[in-house]
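K.L.:
Would you mind keeping the following structure in view while I ask a few things?
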Amino acid sequence: MTVTVAVVDAETPGNVGTIARSMKNFGFSELLLVDPPELDPEGEAYGFAGQAREDILPNAREVSFDHLVENYHTVGCTAVTNEDGSNHVRYPFVTPAELAEELSAVVGGGDGAGDGPDVAVVFGRERVGLTNDELARLDRICSIPASADYPVLNLGQAATIVLYELRNLGVEETQLPEISDRASPREVEGLHDQFDDYLAAVDHPEEKRAKARRMFRRLLGRAYPTGREAATLRGLLRRAGQKLERED
């Protein structure tokens, strides 16, 4: 299984290079080009591609639109969609985030593994995108939510957004460290116990304490504190309560 990027009739080499760079960023390697411009190794395509000039661009393959339709589960990307189901060419559609979840099932799992069909994410021309005739031949439609006053993105920008949302299908490990020091349930409950003591120390009205405890629990439930954060907060609440008790 692979997730492939296809660009149809790109008008400028620079946008092809930008898309190749985004592919490299988010773990995709197979680039298919339908009626591409000339990609001069000394020109702007390679200049815009960053490290993708070393592998993705040189290995890009020129294919026909028929080849895409016949060999891939195809997802066409477009800025303009129908508002209802009266015309089925551009409707229904999914957003890039929804597409990522959908394709995870299509390809057999979020890690990109499995026996599902190969997928081609298809981008169109800079000015007019994919035609209705082309979209009608594709399996799925994807559109990026944007301002109704100006929804059309630059081709390279649109590809970057879509590939970012699909990154879990291409990237096994990012440069960002895993946050593994989540507070354990016991540490979180200890913080709740300390908060109870704090409520008593500040003489919070008895009839309001249950509501305060619920609010604090929901707050921590959204925050996912680390063990160190939980211990620090617990210490601060303990010292504040002790100081109030001494003043009394």
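Here, each number is a calculation from the coordinates, and none is a lab measurement. This structure is a prediction, so every number in the text was calculated from the model and none was measured. Here the Cβ positions follow ideal geometry from the backbone for every residue, glycine too, while neighbour counts run over all protein chains shown.
K.L.:
What order, most packed first, do the peptides 10-21, 44-55 have when packing is the mean number of other Cβ atoms within 10 Å of each residue?
P.N.:
10-21, 44-55
K.L.:
Here is a further query. Express the C-alpha Rg of the chain as a ratio against the empirical globular expectation 2.2 N^0.38 Å, rounded to two decimals. It would help to have the intermediate numbers written out before the result.
P.N.:
Values: Rg = 26.0 Å, N = 248, 2.2 N^0.38 = 17.9 Å.
Rg over 2.2 N^0.38 Å, computed on Cα atoms: 1.46.
K.L.:
Report Rg/Rh for segment 131-248, rounded to two decimals, where Rg is the Cα radius of gyration and Rh the Kirkwood radius.
P.N.:
1.29
K.L.:
To continue, here is another question. Quickly estimate the mean residue ellipticity at 222 nm for the chain, helices only: each DSSP H run with n ≥ 4 gives -39500 (n - 2.57), and the total goes over all residues, rounded to 500.
P.N.:
It comes out at -13500 deg cm²/dmol, rounded to the nearest 500.
K.L.:
When only Cα pairs under 8 Å and 6 or more residues apart are kept, what is the percent relative contact order across the chain?
P.N.:
Relative contact order, the chain: 21 percent.
K.L.:
Cα extents of segment 198-244 along the three principal axes, largest first, in whole Å?
P.N.:
Result, largest extent first: 30, 24, 7 Å.
K.L.:
Mind pulling the angle between the C-alpha long axis of helix 206-223 and the longest principal axis of the chain? Nearest 10 degrees, somewhere in 0 to 90.
P.N.:
Taking the Cα atoms of the chain, the angle to 206-223 is about 30 degrees.
K.L.:
I'm checking a number: the convex hull volume of the Cα atoms of segment 1-86, normalised per residue, in Å³. What is it? Before the final figure, lay out the partial values.
P.N.:
Values: hull volume 10.6 nm³, N = 86.
Spelled out: Cα convex hull of segment 1-86, divided by residues, is 123 Å³.
K.L.:
Below 8 Å, C-alpha to C-alpha, sequence gap of six or more: please give me the relative contact order for segment 117-248 in percent.
P.N.:
This gives 26 percent for segment 117-248.
K.L.:
Taking +1 at the Cβ of each Lys and Arg and -1 at the Cβ of each Asp and Glu, which of G156, F26, V188 sits farthest along the dipole of the chain towards its positive end, judged by Cα position relative to the Cα centre?
P.N.:
Result: V188, furthest along the dipole toward the positive end.
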